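Single-structure report; data block below.
Only the coordinates and a few stated rules stand behind these numbers; no lab work does. For clarity, every value in this text was computed on a predicted model and none was experimentally measured. Note that each Cβ is placed from the backbone with ideal geometry, even for glycine, and that neighbours are counted across all protein chains shown.
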Amino acid sequence: MPPVSDPNPTASPAGADAVTVVIIHRNRPDAVGRTVAAFRDQTIATRVMVVDNGSTAETVAALPALVGDATLVLARDNLGFGPGGNVGLRRFLHHDFGEWVALAPHDALPDPDTLEKMLAEVRERPDVGLVSADVGDGMRPVIDPYLGTIDAAPTVEEGFDASDYPHGTLMMCRRACLDEIGIFDERYFAYCEESELAIRAARAGWGCGVVRGAMVRNPGMSASIERVAYLQLRNTLLMLKEHYGRRNEWFRIVVALIQIPVGMVHVPSRGLHWSPRGRLKAIRDHLLGRYGPPPADVGGA
């Protein structure tokens with residue numbers, strides 16, 4: 001992993017019961033200050049850490065004023081969401097920073113009581129190792145062993161709703177769970193790293209869920225359509241191959257190839273995963289065993 005520097009290693013003092021919050025940032029000075037403030041102003045104590053993934057020199061120069069007393073960790077390159085999150089997770093695990101650590105992207109905006117509601121739901125559930133906030137989509141995250149991550153209907157309207165994996169918009173991990181199963185697989189770079197982590201957690205006996213009513217908003221997505229399509233499919237294929245087997249992997253490849261001609265017809269409601277070119281490159285690189293950051297021929301920042 002590229003070297004990182006910590007210009008403010010003693011920032012964000014907080015009590016042992018504080019939740020450590022790791023915010024993964026890249027070139028969004030317009031958003032990260034609001035996100036830091038939203039986590040600093042929670043109704044429970046927090047210890048905020050910002051991991052910057054190789055932003056421009058101009059953005060890096062502005063960050064100390066934007067993040068205030070949060071710990072700022074600078075990486076030289078774009079590590080991706082999972083590896084960037086691991087920078088914070090390693091620091092959390094190395095130091096005695098309480099029982100729970102939260103992770104979020106630079107534009108996640110939780111309600112003031114979101115973390116408090118999440119903690120309240122897991123307090124009497126010692127077997128839960130991963131939990132996420134409610135993103136307001138009315139769906140429950142599920143992993144299909146042939147298709148990968150899909151949505152299912154919720155089972156409750158309020159409180160803890162068991163799920164197969166946590167939303168990456170705002171998720172929390174229990175220290176004991178991470179101690180047992182490890183942290184994100186850095187081959188994933190971004191997308192599917194939280195579902196792959198959840199598979200390992202479930203096989204070790206740890207539960208996962210979404211807390212309905214613990215709200216978080218994620219206003220936008222800055223990556224290109226092609227890059228998102230590439231990472232979603234490439235990483236899904238890796239996850240299916242390693243956790244469910246070759247038959248499941250090839251079933252998903254066939255499904256993706258069947259869908260590619262459909263994706264060539266422009267229908268805005270299909271969303272970000274309908275880039276035929278991104279999907280073809282994802283299949284190519286998966287079959288070649290190429291993971292980590294997207295290659296130069298995959299468009300986007």
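Annotation: peptides 289-297, 143-151, ranked by per-residue average of other Cβ atoms within 10 Å with the highest first, follow the order 143-151, 289-297.
The GluC sites (Glu not before Pro) of the stretch 73-127 that meet both conditions, a loop assignment by DSSP and at most 10 other Cβ atoms within 10 Å of the site Cβ, are Glu124.
For the chain, what's the relative contact order in percent, using C-alpha pairs closer than 8 Å and at least 6 residues apart?
Answer for the chain is 18 percent.
Take every DSSP beta bridge whose two residues both sit in the chain; close to 50 percent of them are antiparallel.
If the label point is 7 Å along Cα→Cβ of Ala204, which residues in the stretch 166-186 have backbone nitrogen under 13 Å from it? From the stretch 166-186, the list is 173-185.
Annotation: amide H of Thr20 within the under-5 Å range of Arg47, Trp100, Ala102, sequence separation 5 or more or interchain, hydrogens built in the peptide plane. Angle of helix 57-67 to the longest C-alpha principal axis of the chain, folded into 0 to 90 degrees and rounded to 10: 50°. Spin-label model, Leu287/Val254: points 7 Å from Cα along the beta carbon direction are separated by 1.5 nm. The residues packed around Pro105, meaning those with a beta-carbon under 11 Å from its beta-carbon, carry a net charge of +1 if Lys and Arg are +1 and Asp and Glu are -1. Please give the net charge around Lys281, taking every other residue with its beta carbon less than 11 angstrom from that of Lys281, where Lys and Arg add +1 and Asp and Glu add -1. Result for the neighbourhood of Lys281: +3. The C-alpha atoms of the chain define a longest principal axis, and helix 225-244 lies at about 90 degrees to it.
For the stretch 4-217, what log10 I(q)/I(0) values come out of the Debye formula at q = 0.08, 0.19 1/Å, with one point per alpha carbon and no solvent? So the normalised log intensities work out to -0.24, -1.46.
Within the shell defined by Cβ-Cβ distances under 10 Å, the residues around Val298 carry a net charge of +1, with Lys and Arg each +1 and Asp and Glu each -1.
A Förster distance of 25 Å, applied to the separation of the beta-carbon atoms of Asp179 and Glu116, puts the FRET efficiency at 0.55.
The charge dipole of the stretch 4-217, taken about the Cα centre with unit charges on the Cβ atoms of Lys, Arg (+1) and Asp, Glu (-1), comes to about 420 debye, rounded to the nearest 20.
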